[in-house]
1. Rounded to the nearest 0.05, what FRET efficiency do Glu131 and Glu192 have when you use their Cβ-Cβ distance and R0 = 41 Å?
2. Can you give the helix-only mean residue ellipticity at 222 nm for the chain, where every DSSP H stretch with n ≥ 4 adds -39500 (n - 2.57) and the sum goes over all residues, rounded to the nearest 500 deg cm²/dmol?
3. In debye, nearest 20, what is the charge dipole magnitude of the chain about its Cα centre with +1 on Lys and Arg Cβ and -1 on Asp and Glu Cβ, if you could check?
4. Can you report the principal axis dimensions of the stretch 103-254 using only the alpha carbons, biggest first, rounded to whole angstrom?
5. When the label point is put 7 Å from the Cα of Thr161 along its Cα-to-beta-carbon vector, which residues of the stretch 2-36 have a backbone N closer than 15 Å?
6. If you add up the charges near Lys10, with Lys and Arg at +1 and Asp and Glu at -1, over every other residue whose beta carbon is less than 11 angstrom from its beta carbon, what do you get?
7. Using the basic label-point model (7 angstrom from Cα toward the beta carbon), what is the Asp11 to Asn56 distance in nanometres?
8. Going by a ≥ b ≥ c, the root eigenvalues of the Cα gyration tensor, does the stretch 44-176 fall in the rounded group (a/c under 1.5), the prolate group (a/b larger than b/c) or the oblate group?
Amino acid sequence: DVMRELLGLKDLETKLMEKLHIEGVIVVAGDSDLSPWVKKEMGRACVTCMKERLTNGDIVAVTGGTTLAAVAEMMTPDPKQNRILFVPARGGLGEDVKNQANTICAKMAEKALGNYRLLHVPDHLSREAYESLIEEPTVKEVLELIKSCRMVVHGIGDAITMAERRKTSKEDMEKIKERHAVAEAFGYYFNEAGEVVHKVKTVGIQLEDLPRVEHVIAVAGGSSKAKAIQAYMKRAPHSILITDEGAARALLGE
Ligand code: BG6
């Protein structure tokens, strides 16, 4: 902790809490845009933060992304926590398998020696197909588990980066650009004011569900994500943010 004090990380955390009006911020040293190991440090900090808040039998919903993959990688079992169930936060968002919530969820559960349930919902469904699928008993059961989660752990992305990474249609891409989206989380795209300007239609956690979730942890770093973090956090006052020095300094204009 003396080290964190010396590095000025504590100071950055205090300033960020004030600037973003959120309850908790953890800043790790470095900039994950420049050094890949910084993502793992955010992962480690996130695992600690999760363990401090989890109790036996809790359900944890996770999103995909490379940052969440780092959280999964750093996960370790906790002898005090039994029967933790991991579920993906939302259905398909058009990501490659390695970045999908299902993949991260299974990996995290294995590392934590917990259990997991997956959501098998294809990305682009017609309305009829969608409505009949969510009535399927196995899908319904997992959706109920997701809706009753006590913790959500998710990434935040730069809007254009995310839209490009996913198989976003030309039409949606134009909409995202025209409406000046800067941030993306859970398949929702936000403008600088934190307003939703586009949304990927899928099942699972919706933005409206978040206020009911006891612990919401956002993990995102790198100076390139500063704008995205600032915009998204306008929508998430009860979240805890785990970030890095690169994003923190860019956000504070230091
Ligand atoms: C996605 C999440 O899988 O990861 C998004 O669903 C998030 O909400 C994104 O924006 C972040 O990805 P990364 O690779 O930058 O951690």
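1. E(calc), rounded to 0.05, equals 0.75.
2. One gets -12000 deg cm²/dmol as the mean residue ellipticity at 222 nm.
3. So the magnitude is around 220 debye.
4. Largest to smallest, the principal-axis extents are 52, 40, 26 Å.
5. The answer is 31-36.
6. Neighbour charge sum, excluding Lys10 itself: -2.
7. 4.5 nm
8. It is oblate, given that a/c is not under 1.5 and a/b is not larger than b/c.
The values are calculated or read from the model by the stated rules, or taken from the named source; none is laboratory data. All figures in this text were calculated on a predicted structure; none of them were measured in a lab. Cβ coordinates were reconstructed from backbone atoms using ideal geometry, including for glycine residues, and neighbour counts include every protein chain displayed. We work out accessible area using only protein heavy atoms, side chains counted, and drop any ligands, DNA or RNA first. Shrake-Rupley method; radii C 1.70, N 1.55, O 1.52, S 1.80 Å.
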